[in-house]
Amino acid sequence: MARITFYFDLGSPYAYLAAERLHTLLPEPIGWQPVLLGGLFKLTGRSSWALGDYRRRQAGMAEIERRARAYRLPPLRWPDPWPTNYLTAMRAATFAFSVGRGREFTMDAFRSAFQHGRELRITAHVLEAGVQSGLDRDRLEAGITDPQTKRALKDATDAAYELGVFGVPTIAVDGELFWGDDRLENAAAHLQAVRAA
């Protein structure tokens, strides 16, 4: 059976769009892998399209809002500021996966950010998403600062980079990488071809 992995960072609205559609296009099991986009940027020497040129940023945000409408998702509400530092949120996601609540936490955090406009740099907002997803607040808070959690996120980011992941969302289907929310259909088609072979 083909192995499918979804690489994401909670600061990416494109990853949010992909997370909302994954289950409609790709079959389980899908491995969800938190990676630190800032870490990938450091490794690749790249930067976010949302930083820098104002017109490019506005056009990108408008495109994301258009896609959300096309996918029949709730209207986007942008956190302010965006983008920002998502290290705490990504450590929380890493911890949540280690205790079996990763997908629930990830979706609650994505929706908190991009449907309700909550700033995930703020630890209280991250902890709220955790409680909503069924995590114990104190346990999550401790998990975020646990050296094991920090190491797991760094190792996952480094491993993703070694595989060729340079941005999020990326879907890997048996090692074939599909980068971008608009490549989910390509990943699904590739999976069908692999299974038919």
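Derivation of every value follows stated rules applied to the coordinates shown; laboratory data play no part. Everything numeric here is computed off the predicted structure, so don't read it as measured data. FYI the Cβ positions are ideal-geometry reconstructions off the backbone, even for glycines, and counts take in every protein chain you see.
Numerical summary
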quantity: Centre separation in Å (Cα based) which lies between region 31-95 and region 151-170; calculated: 16 Å
quantity: Estimated distance in nm for a label pair at Leu163 and Arg137, the labels positioned 7 Å out from Cα along Cα-to-Cβ; calculated: 3.5 nm
quantity: Per DSSP, loop trypsin sites (Lys or Arg not before Pro) in region 26-117 with at most 10 further Cβ within 10 Å; calculated: Arg72
quantity: Ala189-His23 pseudo-label distance in nm [points 7 Å out on the Cα-to-Cβ vector]; calculated: 2.6 nm
quantity: Amide H contacts of Leu177 (H built 1.01 Å from N, under 5 Å, at least 5 apart or other chain); calculated: none
quantity: Of Ala197, Leu177, Leu73, farthest towards positive along the dipole that unit charges on Lys, Arg, Asp, Glu beta carbons give the chain; calculated: Leu73
quantity: Dipole in debye (nearest 20) - region 4-196, about Cα centre, beta carbon charges: Lys, Arg +1; Asp, Glu -1; calculated: 400 debye
quantity: Options Ser98, Gln148, Leu40, ranked by Cα towards positive dipole end of region 4-196, top entry (Cβ charges); calculated: Leu40
